[in-house]
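The values are calculated or read from the model by the stated rules, or taken from the named source; none is laboratory data. Quantities reported herein were computed from a predicted structural model and do not represent experimental measurements. Backbone-built Cβ (ideal geometry, glycine too); neighbour counts: all protein chains shown. Just the protein is used for accessible areas: all its heavy atoms, side chains included, with ligands, DNA and RNA removed. Shrake-Rupley method; radii C 1.70, N 1.55, O 1.52, S 1.80 Å.
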Amino acid sequence: MSHALLIEKLGKVYGNRFEALKGISLRVDEGDFFALLGPNGAGKSTLIGIISSLVTKTSGHVKIFDYDIDKDFPAAKRLIGLVPQEFNFNVFEPIEEIIVNQAGYFGIPRKVGFERAEQYLSQLGLWDKRRCQARELSGGMKRRLMIARALVHRPRLLILDEPTAGVDIEIRRSMWTFLRELNKNGTTIILTTHYLEEAESLCRNIAIIDEGKLIEHTSMKRLLTQLDTETFVLDLMSPLDALPASLPDCLHRIDDTTLEVEVSHNESINYLFAELSKHGIEVLSMRNKTNRLEQLFMHIVTQDSAA
Amino acid sequence: MTLKEQYIAFETILIKEVLRFARIWVQTIVPPVITMSLYFVIFGNLIGSQIGDMDGFRYMDYIVPGLIMMAVITNSYANVVSSFYGCKFHHHIEEMLVSPIPNSLIIAGFVTGGIARGIAVGLMVTLVSALFTDLHPHNYIVIISTVILTSAVFALAGLINGVFAKSFDDISIVPTFVLTPLTYLGGVFYTISMLPDFWQGMSKLNPILYMVNAFRYGFLGVSDIELWASYTIIGVFIVVLYGIALYLLNSGYGIRR
């Protein structure tokens, strides 16, 4: 499979001698939905900045669909759409104008720019607001505006740096649907997010970076199989004063009506329900305590920091 | 980018720039027109009537070209420095940086926007000046070419200032401490032939003198400076300032991390 993004030994040292990237190598295949995760300050935004030309690299190579950014950055830029973390549009401009201007910067005639503005603003639920100044939009609308702007030149690689930060759950879900559809139609997507549920739900492959180094680069499936235990929360029908001693050790009482159980992946939990029934304890509902990827992410990052 | 795409990108920046200052015309067009009207009334009419002729012309007629040029210079500069720094400050310069537009076109777009504002203000001031004096332009080609080229010089200088600026204070330092004194001493209100030799020589180190005099030649047919010398100085400034601006944008200074 051909690559959408190929990074080799990428390094960045800022003017204050802070080494943000320490020789990162990474490959994202064409058509992938790729998660780029890491704690705050890990180097994700620097990496994205270099790919999209907002940050100058210190060393290494970057290729976008075979275009080396050192040799033909303009050709590479045509293939990239960037949704940055911070709002970076003129807040006093009407939003339709922001989209049409962005099209113009890519050499797209104004007439076509207006047509595409209508298409993407409609798809992202902003068409009614097209005459509004950007400052009048809510946070979620501003994020969607940046997605529409990034798509106006029809990039083959879309990079989203925390696109759903501060967005309510309903809009976040609708953005997921939109992004899934976009990816299904052939756009390669790189996503950074702090909502690990989002990465787990959307992405097929994943890289984790921390302190400027790549500490994991694999498929989401393979990564999740590394997780050998899972914790469930059980909500009880009636209050329970104390946990009977004869119940398995893996069960813990959290409060009157809540129990927690940690089970390994190859273990059935049917017997637990049988045990609880024997003692007259009825379970009302059951849920995962934490997102699985979140659990793994913390494990990997903590392990790396300790090393 | 193909030539057509480059033209579209240039046109986009230009339209954006023109709309920017047109939208806030009360802040961008009206104040210089009011200021220049006061100059016409006070220096031209009230004080000028006591001064008598200057270089064979009524004082009011003599200062009109310089005052128009003063408005063109300050507004071309102010437009680009504030617009470019604003783009940097609010990060929307990134909209251009992520696109394939060559830096030379970014410069051309901003500079042409600055020229557009310079000309818009210059036209308004010229219309107001018609209330105080009878304008009989001597050479339209010199007038038009001088105003465009001078405007380009100061638009480029404004862009360079915008690249270096790190705060809004930094965009007012050059206009206040450099541009205004040089303009006042650039022969707007007097002919340098009135000055002692030493100060005449010193005045010739001021590039604005060459621009004001070329423009005055276009209106009145008189100038303290040979026309060819004025065009040469303006041309040299354009080439040097463009080179500096291009170098700065290519290096990413102040705009790329």
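Share of carbon and sulfur in the accessible area of region B:3-251 stands at 71%, probe radius 1.4 Å. Of the whole protein surface, A:Glu216 contributes about 40 Å² of accessible area at a 1.4 Å probe radius. Ordered from highest to lowest accessible area with the whole protein assembly present and a 1.4 Å probe, A:Lys12, A:Lys278, A:Lys129 read as A:Lys278, A:Lys129, A:Lys12.
Placing dummy labels 7 Å off each Cα toward the beta-carbon, the span from A:Glu8 to B:Tyr140 is 6.2 nm. Note on A:Trp176 and B:Thr180: their simple-model spin labels are 5.9 nm apart, each label 7 Å out from Cα toward Cβ.
Would you mind classifying region B:133-194 by shape? Square roots of the alpha carbon gyration tensor eigenvalues, ordered a ≥ b ≥ c; an a/c under 1.5 is rounded, otherwise it is prolate if a/b is larger than b/c and oblate if not.
Because a/c hits 1.5 or more and a/b fails to exceed b/c, region B:133-194 counts as oblate.
Distance distribution note for the protein assembly as shown: the fraction of Cα pairs above 31 angstrom is 59%. The residue list B:Ser83, B:Phe57, B:Ser99 was ranked by how far each Cα lies along the charge dipole of region B:3-251 toward its positive end, using unit charges on Cβ atoms, and B:Ser99 comes out on top.
From the C-alpha gyration tensor of region A:7-135, pull out the three semi-axes of the equivalent ellipsoid (sqrt of 5λ each), sorted largest to smallest, in whole Å.
Working: eigenvalues 195, 60, 40 Å².
So the three semi-axes of region A:7-135 are 31, 17, 14 Å.
For the chain pair A and B, the interface hides roughly 2500 square angstrom of accessible area in total, found with a 1.4 Å probe. Would you list, by chain and number, the aspartates and glutamates whose Cα falls below 14 Å from the Cα of A:Lys44, excluding same-chain residues fewer than 8 positions away? Cα-Cα hits under 14 Å: A:Glu19, A:Glu86, A:Asp161, A:Glu162, A:Asp210, A:Glu211, A:Glu216. So how exposed is B:Ser167, as accessible area in Å² (1.4 Å probe, rounded to 10)? Result for B:Ser167: roughly 40 Å² accessible.
Can you work out the FRET efficiency for the pair B:Gln50 and B:Ile24, with r the C-beta to C-beta distance and R0 = 41 Å, to the nearest 0.05?
On the way: r = 39 Å, r/R0 = 0.94.
Approximately 0.60, to the nearest 0.05.
At a threshold of 40 Å², the residues of region A:62-78 that become less accessible to a 1.4 Å probe in the full protein assembly than in their chain on its own are A:Lys77, A:Arg78.
Rounded to the nearest 0.05, what FRET efficiency is calculated for A:Ser268 and A:Phe18 with R0 set to 60 Å and r the Cβ-Cβ distance? Let's see the in-between values first.
On the way: r = 50 Å, r/R0 = 0.84.
My answer for the efficiency is 0.75.
Per residue, chain A exposes an accessible area of 46 Å² to a 1.4 Å probe, with every protein chain left in place.
Along the axis of the charge dipole computed for region B:3-251 (Cβ charges of +1 for Lys and Arg, -1 for Asp and Glu, origin at the Cα centre), the listed residues B:Thr146, B:Val163, B:Gly218 are led at the positive end by B:Val163. Gain on full extension, evaluated as 0.36 nm per residue between A:Lys278 and A:Asp168 minus their Cα-Cα distance, stands at 35.3 nm.
In region B:107-257, the inverse of the mean reciprocal separation of distinct Cα atoms equals 16.7 Å; this is its Kirkwood hydrodynamic radius. In terms of the Cα gyration tensor, with a ≥ b ≥ c the square roots of its eigenvalues, is chain A rounded because a/c is under 1.5, prolate because a/b exceeds b/c, or oblate? Note, shape of chain A comes out prolate. Within straight-line reach of A:Lys77, meaning a Cα separation under 17 Å, sit the following lysines at least 8 residues removed in sequence or on another chain: A:Lys57, A:Lys63.
What do you reckon, how do A:Lys213, A:Lys221 stack up by accessible area (1.4 Å probe), largest on top?
On the way: A:Lys213 85, A:Lys221 165 Å².
Largest to smallest exposure gives the sequence A:Lys221, A:Lys213.
Screening chain B for whole DSSP H helices with an alpha carbon extent of at least 30 angstrom along the helix axis and a mean Kyte-Doolittle hydropathy of at least -0.5 yields B:59-89, B:103-129, B:140-164, B:227-251.
Remark on region B:193-257: Rg and Dmax equal 16.4, 52 Å (Cα only).
Taking a 1.4 Å probe, which of B:Phe198, B:Phe189 shows the most accessible area, and what order do the others take after it?
Output order, biggest surface exposure first: B:Phe198, B:Phe189.
The orientation-averaged shadow of the Cα convex hull for region A:156-248, equal to a quarter of the hull surface, comes to 10.4 nm².
By the Kirkwood approach, averaging reciprocal distances over each pair of separate Cα atoms, region B:3-251 gets a hydrodynamic radius of 18.6 Å. How large is the accessible surface of A:His194 in square angstrom, using a 1.4 angstrom probe and rounding to the nearest 10? Around 90 Å² of this residue is reachable by solvent. In this structure region B:106-182 gives 43 Å² per residue of accessible area when probed at 1.4 Å with all protein chains present.
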